[in-house]
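Just below is one structure, and these are the notes that go with it.
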Amino acid sequence: MRTPLAAPAVVYWMSIQAPSKPAAVHEAQRAGERVGRSTAFEALARAGFVARGVIYGIIGIVAIKVALDAGGKATNQTGALKTIAHQPFGKVLLILVAIGLGGYALWRFIHVLLGHGPEKADSTFERLAALGSGVTYALVCALAVGILRGSGSSSSGSPKKPTAGVLGWPGGTWIVGLAGAVLCGVALYQAYRGISHDFLADSKTAEMSPSVRKWITWIGTFGHLARTVAFGLVGIFLITAAVDYNPNKAVGLDGALAKLVNHSYGEWLLGVVAAGLIAFALYSLSDARYRRI
């Protein structure tokens, strides 16, 4: 006679015990969504697009000067940050850029955990891309902080020393080669984004006028294709360094841009890529207004 009474007791005990862990996970997810949907976080993320645009704009402008043989040498993210620091009120500007970069990285990490929200289910590839982007911009943010503290003042950002160190590890050639292959994969993804106009799916196109949408489509396509060339060159040089076991063949973004000049019509090639990077900078600024956060 006690079995019928025991069954409801067991069911009740399971109902109050079993959901505890899922409930905690669900509450953490809801807390993350509240942060991701907050006005302050959105403003921080949009500031990140402005910071990204400033960095790519400086890299593109310096590269155009090199293409025109106007003096100087191609630069990378570190050089762009140092250029900001050397301007009037440079320290204040660099602090703002660092905050924006940190906000952008945090926004990408939030997307790794939560995706774009219930209206858009993110694929595993999209989450991995967000993770890679978040790590990259977190590192650039750290570079900005290092320059502010003075520790980045003498760093050239050259990949030769790190590459030489990794090549000396067990399996180091495979690691360097894999890093190069990943960058080549990123380059192909940038090409896909640019040619297919996939980047427009992330924008509030309904809020754009026809002329604004046409302009953003143009600079977005041009900018993503320029990034295809830049990332692809860096990846190829890393793979070459791994195959030849020669860290001197590894170059960063600045080295990749500079090597374009050494080819036939190199100044023209560098000029086109540099203009594309400036276009991506303008696209980043448009993202600050129209990107879905």
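The values are calculated or read from the model by the stated rules, or taken from the named source; none is laboratory data. As the structure is a prediction and not an experimental result, all values here were calculated from the model. All Cβ positions, glycine included, derive from the backbone under ideal geometry; neighbour counts span all protein chains shown. In case anyone asks, the SASA skips ligands and DNA or RNA and just uses the protein heavy atoms, side chains included. Shrake-Rupley method; radii C 1.70, N 1.55, O 1.52, S 1.80 Å.
Quick notes on this structure:
- Number of residues in the stretch 77-134 that are out of contact with any helix residue (DSSP H, G or I) (no Cβ under 9 Å at 6 or more places or on another chain), assigned to a helix (DSSP H, G or I) and at pLDDT 85 or above: the value is 1.
- Residues satisfying the stated conditions in the stretch 192-209, i.e. surrounded by fewer than 17 Cβ atoms within 10 Å (Cβ to Cβ) and part of a loop (DSSP other than H, G, I, E, B): His197, Lys204, Ser209
- Considering the conditions (1) assigned to a helix (DSSP H, G or I); (2) open to solvent by 20 Å² or more (accessible area, probe 1.4 Å); (3) within 25 Å of Ala164 (Cα to Cα), Trp218 is excluded by exactly one of them, (3).
- Among all positions in the stretch 157-177, there is at least one residue which is touching an Asp or Glu at 6+ places or on another chain (Cβ under 9 Å), more than 22 Å from Arg289 (Cα to Cα) and modelled with pLDDT under 95.
- Subset of the stretch 241-293 that is polar (S, T, N, Q) and in contact (Cβ under 8 Å) with a residue 12 or more places away in the chain - its residue that is most open to solvent (accessible area, probe 1.4 Å): Asn248
- Against the test of being crowded, with 18+ Cβ neighbours inside 10 Å, over 20 Å from the mean Cα position of the chain (by Cα) and among the aliphatic types (A, V, I, L, M), the options Val212, Val140, Val166 yield a single qualifying residue, Val166.
- Residue, surrounded by the fewest Cβ atoms within 10 Å (Cβ to Cβ), within the stretch 50-76, restricted to residues that are small (Gly, Ala, Ser) and not in a helix (DSSP H, G or I): Gly71
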